[in-house]
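Asks: Before I ask anything, here is the structure I am working with.
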Amino acid sequence: MSAYVAKHLEGRQKDWNVATQARISAITSVLGGIKSLKMMGMEDAGQSRISQLREKELRLSERLRWILVVYNASGK
């Protein structure tokens, strides 16, 4: 069982980390340009983009968590 986990864990963890970094980067950009976004009336677009990135991050984290559940359920 641990061979299966090792085989699948790394890629899924990497995907999740990339998604997390993309969301954090988007938040940083939005906060850095919040004054401009508000003047242009685009704060909803920024919020929508961050929500989309968060949903993607959660989907990817589910894939990782299931691998960890299988590993823990197997008795290691």
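The values are calculated or read from the model by the stated rules, or taken from the named source; none is laboratory data. Keep in mind that this is a model prediction, so the values were computed, not measured. All Cβ positions, even for glycine, are placed from backbone atoms using ideal geometry, and neighbour counts span all protein chains on display. With ligands, DNA and RNA removed, areas are computed over all heavy atoms of the protein, side chains included. Shrake-Rupley method; radii C 1.70, N 1.55, O 1.52, S 1.80 Å.
Asks: For segment 59-76, give me each residue that is outside any loop (DSSP other than H, G, I, E, B), open to solvent by 60 Å² or more (accessible area, probe 1.4 Å) and over 18 Å from N17 (Cβ atoms).
Replies: We begin by selecting, within segment 59-76, every residue outside any loop (DSSP other than H, G, I, E, B); these are 59-73.
Applying the additional criterion that residues be open to solvent by 60 Å² or more (accessible area, probe 1.4 Å) yields 59, 62-63, 65-66, 68-69, 71-73.
Within segment 59-76, V69, Y71, N72, A73 qualify.
Asks: Taking segment 16-31 as the search range and keeping residues that are open to solvent by 70 Å² or more (accessible area, probe 1.4 Å) and of a type outside the set (A, V, I, L, M, F, W, C), which one is farthest from I67 (Cα to Cα)?
Replies: Only one residue tops the list, namely S29.
Asks: Only one of these is exposed (fewer than 14 other Cβ atoms within 10 Å of the Cβ) and either of a type outside the set (F, W, Y) or assigned to a helix (DSSP H, G or I) (or both): K35, K56. Name it.
Replies: Exactly one residue qualifies, and that residue is K35.
Asks: So S51 ticks every box in (1) open to solvent by less than 90 Å² (accessible area, probe 1.4 Å); (2) among the polar types (S, T, N, Q); (3) more than 11 Å from the chain's Cα centre (by Cα) but one. Which box is left unticked?
Replies: Here S51 clears every test but (3).
The rows are residues; the columns are (1) modelled with pLDDT under 95; (2) among the basic types (K, R); (3) in contact with a Pro (Cβ under 6 Å, 6 or more places away or on another chain).
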residue: A3; (1), (2), (3): yes, no, no
residue: H8; (1), (2), (3): yes, no, no
residue: G11; (1), (2), (3): yes, no, no
residue: K14; (1), (2), (3): yes, yes, no
residue: A22; (1), (2), (3): no, no, no
